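What follows is a set of notes on a single structure, which appears directly below.
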Amino acid sequence: PPAYNPRRGGGGSLNTSRVACGIAYEHEEGMQEYIQQKAAVRGFPTFVLYVGGTEAERCVGGNLGQLEAMVKGHCTGWNMEGGNSLGGTPSTASTGDVRALRLGRLGAAAPEEKTPTQMETETTTKMESETVTKTGLETNPDTASQNDAEKPDVVMMEGEECPPGVDSEMLVVLLSMDIPRNRAIRSLLGSSAKTVEGAIDWIANHQDDEDIDDPVDAETKVARSFRCNTTGKILSSVANLELYANRTGYTDFSESTEAVKELTPEEKAEKLKAIKELLSAKRRERETKEKEQDLIREKARRTMGQETQKTREEMQIDRRKHDAYIRKKEKQDQKRERERIRAELAKDKAERASNRGKLGSRLGVDGYNPDGIQYDNGTTSSSNPTADARPVLSRDEKLKRVDEYIGKVSSYRAGDDGKKCLKVLFAYVKNIVDKPTEDKFKSINMDNNAYKTKVKPFIGARSLLLTVGFEIDKSDEGKKLVLAEDVDQEVLRETKERLKAALAK
């Protein structure tokens with residue numbers, strides 16, 4: 001180690017009669033890192049024996065028997081008799097000599113040997129002083145003498161026997177720390193660790209007990225463990241108690257005088273084997289459950305994929321059916337339109353035959369238009385003066401003609417031309433019904449592109465507007481349809497509903 005403090009000899013060979021020793025102090029520079037990391041010291045005192053610079057064995061705690069066995073096992077030529085302890089005290093010194101040397105190093109005079117009467121008087125005085133210090137009251141000397149007589153000397157004198165179950169070497173170590181004898185004995189009996197450190201911990205945890213310094217006899221019961229009153233399980237320490245309580249949820253515990261039996265190396269190995277087998281079984285069980293869960297998730301994933309694919313295929317089938325239906329409907333509409341055109345042609349031929357080869361309908365620049373245009377090109381008014389006149393009819397007759405005109409316009413199915421015309425007519429009538437006070441909806445410009453392309457070419461469209469209340473504006477060269485002042489609002493409302501119903505078909 002970095003700091004070396006020789007206590008015996010001059011560092012001779014381990015096979016000689018001397019052993020080189022050194023003390024590593026934690027407070028010295030560089031020693032804390034060495035003690036904790038390199039030497040891996042976890043408790044004090046710790047004795048480490050090195051052979052050839054390599055650690056051979058170590059002894060933790062003040063077990064002098066174990067320390068002697070360790071040294072004898074590696075130092076064959078060394079005699080353990082005589083010498084000094086780590087504190088510099090001869091190993092053959094009595095307890096009184098040990099105390100005298102310790103007081104001498106502290107600068108105090110060695111105590112004189114006293115008679116039993118003097119010792120009893122001093123003990124009584126000491127007890128009185130302690131009682132006054134603790135309670136703040138004076139103590140009766142007779143009572144103090146009686147209490148002192150009940151408590152034996154705190155030092156283990158020659159000829160005194162060590163109580164059963166107490167390690168004498170550990171007891172000597174505790175007594176050398178000026179711990180009262182009864183307290184030291186109780187700590188060794190009550191500690192589950194059975195070490196000097198464990199005894200000191202026990203004293204720290206029970207220092208407020210009233211009977212901590214009471215004499216210990218065969219009938220004295222010392223708490224050595226903890227018992228779960230619910231299950232009867234014996235626990236060796238508070239740490240084990242807390243762990244057991246957290247794991248089981250039990251809260252009813254009490255101290256027990258029953259000592260926890262220490263396991264033998266064979267029992268420890270058997271228990272360790274059982275724990276390993278239990279962990280292996282738990283691991284296998286967990287792996288089995290994980291595999292089962294993975295299998296369930298994989299099945300669910302495949303099922304979902306299959307259902308998604310099936311839904312996608314069904315949607316594609318429905319889309320193909322819909323497309324086929326649309327194509328079929330278009331073909332049927334085209335077929336009906338061709339049949340209608342053929343009927344119109346036959347009608348025109350019959351009209352031409354009956355009218356000396358003349359056709360009442362008009363031919364457009366693009367050729368023959370079977371739908372015809374019901375309005376003239378400037379000659380209709382002269383040939384048919386009543387065509388632009390507003391019919392004078394009753395309400396029922398007007399509605400009857402409205403139905404007739406809606407039917408004529410609806411017959412134009414090619415390209416949905418009839419429906420487009422009905423939408424424009426519905427817009428004209430709806431604006432007047434919903435907003436009767438706005439003048440802009442009371443006139444229709446016949447030169448407007450929407451009117452010329454979506455209303456004018458179709459038979460019955462203009463007649464419907466004239467029937468519901470519109471009339472030709474003569475002041476504007478006949479280019480506008482204006483709403484008459486005496487229009488029947490009920491006819492307009494009914495016409496709106498009938499146009500709406502026709503569009504919904």
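Things worth noting here:
Per-residue answers, yes or no, for (1) of a type in the set (A, V, I, L, M, F, W, C); (2) over 60 Å from the mean Cα position of the chain (by Cα); (3) surrounded by 14 or more Cβ atoms within 10 Å (Cβ to Cβ):
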| site | (1), (2), (3) |
| --- | --- |
| Lys420 | no, yes, yes |
| Val429 | yes, yes, yes |
| Thr437 | no, yes, no |
| Asn449 | no, yes, no |
| Phe458 | yes, yes, yes |
| Leu465 | yes, yes, yes |
| Asp473 | no, yes, yes |
| Val487 | yes, yes, yes |
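- Set Ser280, Ser254, Ser187: member being of a type in the set (Ser, Thr, Tyr) and under 29 Å from Gln66 (Cβ atoms): Ser187
- Candidates are the residues of the range 220-251 that are surrounded by 15 or more Cβ atoms within 10 Å (Cβ to Cβ) and touching a Phe, Trp or Tyr at 6+ places or on another chain (Cβ under 6 Å); the one that is modelled with the highest pLDDT is Cys228.
- Taking the criterion of being open to solvent by less than 100 Å² (accessible area, probe 1.4 Å), at negative phi and not in a helix (DSSP H, G or I), the residues of the range 312-359 that qualify are Asn355, Leu359.
- Residue tally, condition open to solvent by 80 Å² or more (accessible area, probe 1.4 Å) and closer than 15 Å to Ala427 by Cβ, over the range 494-505: 2
- Subset of the range 252-276 that is touching a strand residue (DSSP E or B) at 6+ places or on another chain (Cβ under 7 Å) and hydroxyl-bearing (Ser, Thr, Tyr) - its residue that is most open to solvent (accessible area, probe 1.4 Å): Ser254
- Within the range 432-448, residues that are in the same structural domain as Val468 (by the TED database) sit with their Cβ atoms under 7 Å from residues that are buried (at least 18 other Cβ atoms within 10 Å of the Cβ) and of a type in the set (Ser, Thr, Tyr), at 6+ positions apart or across chains, in these pairs: Ile444/Tyr428; Ile444/Tyr451; Asn445/Tyr451.
- Cβ-Cβ contacts under 9 Å between residues 6 or more apart (or on different chains), taken from a first residue in the range 196-207 that is under 20 Å from Thr46 (Cβ atoms) and open to solvent by 60 Å² or more (accessible area, probe 1.4 Å) to a second residue that is in a helix (DSSP H, G or I) and not aromatic (Phe, Trp, Tyr), are listed as Ile200/Leu174; Ile200/Ser187; Asp201/Ser187.
The values are calculated or read from the model by the stated rules, or taken from the named source; none is laboratory data. Please read these numbers as outputs of a predicted model, since none were measured by experiment. Cβ: placed from backbone, ideal geometry, glycine included. Neighbour counts: every protein chain shown. Areas reflect the complete protein model, heavy atoms only, side chains present, ligands, DNA and RNA absent. Shrake-Rupley method; radii C 1.70, N 1.55, O 1.52, S 1.80 Å.
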